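J.: Quick one: structure below, then a few questions.
Where a number appears in this text, it was derived from the coordinates with a stated rule and is not lab data. Please read all numbers here as calculations on a predicted model, not as lab measurements. When we count neighbours, we look across all protein chains shown, and the Cβ atoms used for this are built from the backbone with ideal geometry, even at glycine.
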Amino acid sequence: MSVTESVVTVPAAVSICPMTEHDLLEVVEIEQQSGLSPWGWDAYHRELQSNDRGLMWVARLEPKLRTDKALAGYIVGRLVADELHINNMAVRNIYRRCGIATALLWRVLEAAKTSQAVRAFLEVRAGNAAAQALYENCGFCAVGRRRNYYSSPSEDALIMTAAVGGSA
């Protein structure tokens, strides 16, 4: 089974929507809280403006759940030829283990499938067992390692890949 053939249930109070410029402050906040290698506002903004095969989605909280925050998480990917590279994905701590990361991943994979991508790739910290388990549950498998890929702290990355839409 390919990663995009499974059924994903999005939590009822969350919708997966294209990222907009208005989301960027919260995206950067989530990025910082998650300890991701920083892109920052300018990089996300450039990616949004490029319209060059970027796939950027947010998990938007329904108004009844909002306090001062509208977003539960986000994902950023890019299509290169027939491949999807997932650059960043993060979910706020309080919304983890609710299916939001799976829903975001499914959405970007569906968009990649529509664009005729056949494989998806990502890097994940070698010590991030929770993220690795999420990706494995979504059909990804580790195929390599990048030594000292991450900084602050320095850590290897596992390269993970999955078929998109049933292609090998």
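J.: Given the convex hull of the Cα atoms of the stretch 3-117, what is a quarter of its surface area in nm²? Provide the component values of the computation, followed by the final result.
T.: Values: hull surface 28.2 nm².
The number I arrive at for the stretch 3-117 is 7.0 nm².
J.: Also, I was wondering about something else. Arranged from highest to lowest average of other beta-carbon atoms within 10 Å per residue, in what order do the peptides 95-104, 71-80, 131-140 appear? Write out the running numbers ahead of the final one.
T.: Details: 95-104: 19.4, 71-80: 23.2, 131-140: 17.7.
Packing proxy ranking, top to bottom: 71-80, 95-104, 131-140.
J.: What are the DSSP H helices in the chain that stretch 20 Å or more along their long axis, judged by alpha-carbon atoms, and whose average Kyte-Doolittle hydropathy comes to at least -1.0?
T.: Numbers: long enough: 100-114 (21 Å, 0.87).
Going by DSSP H runs, the hits are 100-114.
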